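Everything below concerns the one structure shown next.
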């Protein structure tokens, strides 16, 4: 894993790596274990960035290409003939903006929290450039399966 230009050694991969990073860098937010993979990914990336800067942004602006496809598939798998009552616990994570909400709740962010579904990170760059904010946690947070994910987040300060 790479953080702030340097490689961080991890023993695990996939979802287990996120748990390893949570235990190493956070450890005090039990709700983490109820989160889906996309939320865990965004949450860990945000914790590491905000912890490194020790300053909370006023806005959260994230995006990806696949929305919440991993959870959409998991949710769909709970619906079968004769079982028309799928899991409400999975349903909430079929909304990709839940990750921005989790970060906002953790850090008491009361400004903008947005999650965009876009084709490219460059489209997100254009949105960020056109959005007025004092400071923001912004970036790309992609999760197609429990073991295939990517996050590139940054803290932006407009003075």
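Computed from the coordinates by the stated procedures, all read-outs in this text should not be read as laboratory data. Source: prediction; values computed, not measured. Glycine also receives a Cβ, built like all others from the backbone with ideal geometry; neighbour counts cover every protein chain displayed.
Provide a single number: the residues in the stretch 5-35 that are closer than 24 Å to residue 70 by Cα, assigned to a loop (DSSP other than H, G, I, E, B) and without any contact (Cβ under 8 Å) to a residue 60 or more places away in the chain.
Total meeting the criteria: 3.
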- Query: Exactly one of (1) buried (at least 19 other Cβ atoms within 10 Å of the Cβ); (2) closer than 17 Å to residue 46 by Cβ is unmet by residue 106. Its number?
  - Reply: (1)
- For the stretch 52-68, state whether one or more residues are in a helix (DSSP H, G or I) and buried (at least 18 other Cβ atoms within 10 Å of the Cβ). no
- Those residues of the stretch 18-42 which are over 22 Å from residue 100 (Cβ atoms) and surrounded by 13 or more Cβ atoms within 10 Å (Cβ to Cβ) amount to 20
